[in-house]
Amino acid sequence: MYFEDNNIVDESRQGEVLIKETKNRTAKKLYLESYGCAMNFSDSEIIASIMAKSGFQTTNTTDDADVIFLNTCAIRENAELRIWQRLRTFRTQKKQKPDLIIGVLGCMAERLKTQLLEKEKLVDIVVGPDSYRDLPNLIATAETGQKAINVLLSREETYAEISPVRLGGNGIVGFISIMRGCDNMCSFCVVPFTRGRERSRDPESIVAEACELFENGYKEITLLGQNVDSYLWFGGGPKKDLPEEITNKALAHQLPDEEQKKYTTFADLLELLARIHPDLRIRFSTSNPRDMTDAVLHVMAKHENICDYVHLPVQSGNSRILEKMNRGYTREQYMHHIESIRKIIPGCSISTDIISGFCSETEEEHQETLSMMEWVGYDYAYMFKYSERPATLAARQYKDDIPEEVKARRLQEIIDLQIKLSHQSNLKDLQKVHRVLAENVSKRSERHLSGRNSQNKVVIFPRNNYKPGDYVNVLVTDCTSATLIGNVVD
Ligand code: SAM
């Protein structure tokens with residue numbers, strides 16, 4: 001679970017140093033730290049690929065780095081505070097080694113632009129999410145002692161043909177970005193400002209990347225996009241350039257057959273990927289209630305290797321707040337989606353994102369979020385306190401008027417309920433056999449492996465002769481609110 005501003009924070013990936021072991025001792029060295037969402041970690045693999053072509057290899061220590069990159073997140077204020085703090089820790093190093101180049105990349109770079117260079121003098125390079133191809137030029141400029149910045153947002157860029165350098169993973173599960181940007185304009189969210197217009201990536205390049213991963217031993221891919229249900233390939237460029245009438249009909253598969261063939265929807269893409277190999281599991285994130293169609297659910301139900309797991313952020317359980325958030329659905333419409341999931345994919349697990357204390361949220365409206373959680377029975381949740389972000393519609397038009405302690409108390413109630421729901425959900429899995437993809441040796445015991453079942457639940461079981469990458473049938477005999485524990489059966 002991801003709890004923010006709370007004692008039980010599990011943010012193990014934040015600030016993770018991403019490296020790929022290489023032996024070239026003479027190459028220049030890049031130290032790359034990543035923050036934020038899975039999309040950002042996936043971007044880091046594109047950054048590493050572009051830098052490798054320029055003769056850099058990655059290192060896991062800042063001591064021998066020629067270049068330090070922080071790939072940043074701007075989603076909440078805390079994410080940015082953390083980066084300012086981290087930058088200050090490089091001051092002594094920069095004094096001792098003036099040639100050291102320090103770059104701020106990603107969403108915070110895009111949001112703050114030149115302010116970053118003005119506020120923190122040690123920063124040499126500022127690069128937004130659509131400008132990574134320019135990194136070699138920007139480094140060359142920085143090497144002459146000048147500051148370098150590129151924060152242009154693109155209408156086309158998807159980095160489609162760049163083969164990401166797989167960093168720090170286990171070689172079993174990998175991410176594939178299928179689209180970039182977001183057009184949703186949720187009133188609380190900074191993403192449309194930092195990642196630009198929504199554009200989908202060529203399905204051929206996605207399938208090719210998935211095939212390559214499978215050939216290299218990967219057993220699971222997670223397709224990434226801010227709103228995967230909105231994926232629509234029609235030859236490239238921003239989706240907003242097509243008439244809404246066409247996009248709506250194409251996504252709902254309501255165009256005449258000949259016309260429909262010109263478009264690849266998310267359901268079509270899933271179908272293409274599911275056919276690569278039955279042993280290649282497919283997940284995706286994030287689904288959006290605004291655009292989710294039953295067509296996607298039917299493809300999921302049809303293919304065993306598409307995991308029975310949907311991450312469907314609700315944000316609030318109250319229709320007035322949802323409208324204020326500009327989410328594009330009501331409480332009832334959201335519930336209707338959940339009913340469809342339950343009907344079309346029985347046994348599917350469902351997770352969500354929730355924001356506590358959005359502008360003007362009343363106690364009764366907060367209670368509706370709790371009752372929605374109970375009604376759905378979420379298996380898992382990412383829970384946040386509302387954090388006002390400059391330039392968003394909420395920052396411009398609404399007052400951030402819920403006192404900090406009320407936001408915190410409501411968040412705690414949400415967290416406490418989710419712990420109960422996760423535990424209840426795990427109890428239902430007892431005495432059932434689950435097909436688990438082994439991913440790692442368990443952190444707690446060398447003699448156990450950890451993996452996930454189709455529903456994305458972590459399962460711990462005895463190692464025996466199994467290894468990461470194997471599919472194993474596990475009879476679950478015990479559980480906590482976070483983990484299933486069991487024994488291997490044949
Ligand atoms: N694109 C997805 C969507 O809209 O459903 C998720 C995008 S965001 C990277 C992940 C989550 O961060 C959101 O679903 C939301 O719960 C949370 N979030 C975004 N902006 C926030 C803000 N200003 N304050 C608190 N949480 C926020």
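Within segment 51-96, the residues that satisfy the criterion of being in a helix (DSSP H, G or I), open to solvent by 40 Å² or more (accessible area, probe 1.4 Å) and either among the hydroxyl-bearing types (S, T, Y) or within 16 Å of the ligand (Cβ to nearest atom) (or both) are E77, N78, L81, R82, T92.
Check segment 167-188 and report whether any residue there is free of Cβ contacts under 8 Å to residues at least 12 places away in the same chain, in a loop (DSSP other than H, G, I, E, B) and either open to solvent by 10 Å² or more (accessible area, probe 1.4 Å) or touching a Leu at 6+ places or on another chain (Cβ under 7 Å) (or both). Yes, some residue in segment 167-188 is free of Cβ contacts under 8 Å to residues at least 12 places away in the same chain, in a loop (DSSP other than H, G, I, E, B) and either open to solvent by 10 Å² or more (accessible area, probe 1.4 Å) or touching a Leu at 6+ places or on another chain (Cβ under 7 Å) (or both).
Assigned to a loop (DSSP other than H, G, I, E, B) and over 24 Å from N326 (Cα atoms): is that true of P289 in this structure? Spelling it out, it is not the case that P289 is assigned to a loop (DSSP other than H, G, I, E, B) and over 24 Å from N326 (Cα atoms).
Out of curiosity, is R290 surrounded by fewer than 19 Cβ atoms within 10 Å (Cβ to Cβ) and within 13 Å of the ligand (Cβ to nearest atom)? Judged against the criteria, R290 is a match.
Any residue in segment 243-266 that is within 30 Å of E439 (Cα to Cα) and among the hydrophobic types (A, V, I, L, M, F, W, C)? Within segment 243-266, one or more residues are within 30 Å of E439 (Cα to Cα) and among the hydrophobic types (A, V, I, L, M, F, W, C). Within the bounds of segment 398-413, is there any residue that is open to solvent by less than 40 Å² (accessible area, probe 1.4 Å), within 19 Å of T480 (Cα to Cα) and within 15 Å of the ligand (Cβ to nearest atom)? Scanning segment 398-413 turns up no residue that is open to solvent by less than 40 Å² (accessible area, probe 1.4 Å), within 19 Å of T480 (Cα to Cα) and within 15 Å of the ligand (Cβ to nearest atom).
Can G217 be described as modelled with pLDDT under 95, away from the ligand (no atom under 16 Å from the Cβ) and either among the β-branched types (V, I, T) or not in a helix (DSSP H, G or I) (or both)?
Details: modelled with pLDDT under 95: no; away from the ligand (no atom under 16 Å from the Cβ): yes; either among the β-branched types (V, I, T) or not in a helix (DSSP H, G or I) (or both): yes.
It is false that G217 is modelled with pLDDT under 95, away from the ligand (no atom under 16 Å from the Cβ) and either among the β-branched types (V, I, T) or not in a helix (DSSP H, G or I) (or both).
Hey, can you tell me all the residues within segment 227-241 that are within 16 Å of the ligand (Cβ to nearest atom) and either touching a Pro at 6+ places or on another chain (Cβ under 7 Å) or at pLDDT below 95 (or both)? The answer is K239, and nothing else.
Six or more apart or on different chains, Cβ atoms under 9 Å: show the pairs whose first residue is in segment 82-95 and touching a residue at least 12 places away in the same chain (Cβ under 8 Å) and among the β-branched types (V, I, T) and whose second is open to solvent by less than 40 Å² (accessible area, probe 1.4 Å) and part of a helix (DSSP H, G or I). Cβ pairs passing all conditions: I83/M108. With the requirement that a residue be under 13 Å from V17 (Cβ atoms) and open to solvent by 20 Å² or more (accessible area, probe 1.4 Å), what does segment 28-50 give you? Passing the criteria: only K29. Of the numbered criteria (1) within 16 Å of the ligand (Cβ to nearest atom); (2) touching a helix residue (DSSP H, G or I) at 6+ places or on another chain (Cβ under 7 Å); (3) of a type outside the set (S, T, N, Q), the one C189 fails is (2). Would segment 448-458 turn up any residue that is without any contact (Cβ under 8 Å) to a residue 60 or more places away in the chain, within 16 Å of K219 (Cβ to Cβ) and in a loop (DSSP other than H, G, I, E, B)? Yes, segment 448-458 contains a residue that is without any contact (Cβ under 8 Å) to a residue 60 or more places away in the chain, within 16 Å of K219 (Cβ to Cβ) and in a loop (DSSP other than H, G, I, E, B).
Number of residues in segment 220-277 that are within 30 Å of N440 (Cβ to Cβ) and open to solvent by 60 Å² or more (accessible area, probe 1.4 Å): the value is 3.
If a residue must be free of Cβ contacts under 8 Å to residues at least 60 places away in the same chain, open to solvent by 40 Å² or more (accessible area, probe 1.4 Å) and closer than 27 Å to K420 by Cα, how many such residues does segment 461-490 contain?
First, the residues of segment 461-490 that are free of Cβ contacts under 8 Å to residues at least 60 places away in the same chain: 461-467, 470, 472-480, 483-490.
Add one more test, that the residue is open to solvent by 40 Å² or more (accessible area, probe 1.4 Å), and what stays is 463-467, 473, 475, 477-478, 480, 485, 487, 489-490.
Adding the requirement that they be closer than 27 Å to K420 by Cα leaves 473, 475, 477-478, 480, 485, 487.
Matching residues across segment 461-490 total 7.
Pairs meeting the criteria (first residue in segment 246-261 and more than 15 Å from V296 (Cβ to Cβ) and of a type outside the set (A, V, I, L, M, F, W, C), second residue assigned to a helix (DSSP H, G or I) and open to solvent by less than 70 Å² (accessible area, probe 1.4 Å), beta carbons under 7 Å, at least 6 apart or on different chains) are T247/K239; Q260/A250.
Checked against the criterion of being assigned to a loop (DSSP other than H, G, I, E, B) and closer than 15 Å to S454 by Cβ, segment 262-278 has at least one qualifying residue.
The values are calculated or read from the model by the stated rules, or taken from the named source; none is laboratory data. What you are looking at is a predicted structure, and each value in this text was computed from that prediction instead of being measured. When we count neighbours, we look across all protein chains shown, and the Cβ atoms used for this are built from the backbone with ideal geometry, even at glycine. All accessible areas refer to the heavy atoms of the entire protein, side chains included, with ligands and DNA or RNA removed. Shrake-Rupley method; radii C 1.70, N 1.55, O 1.52, S 1.80 Å.
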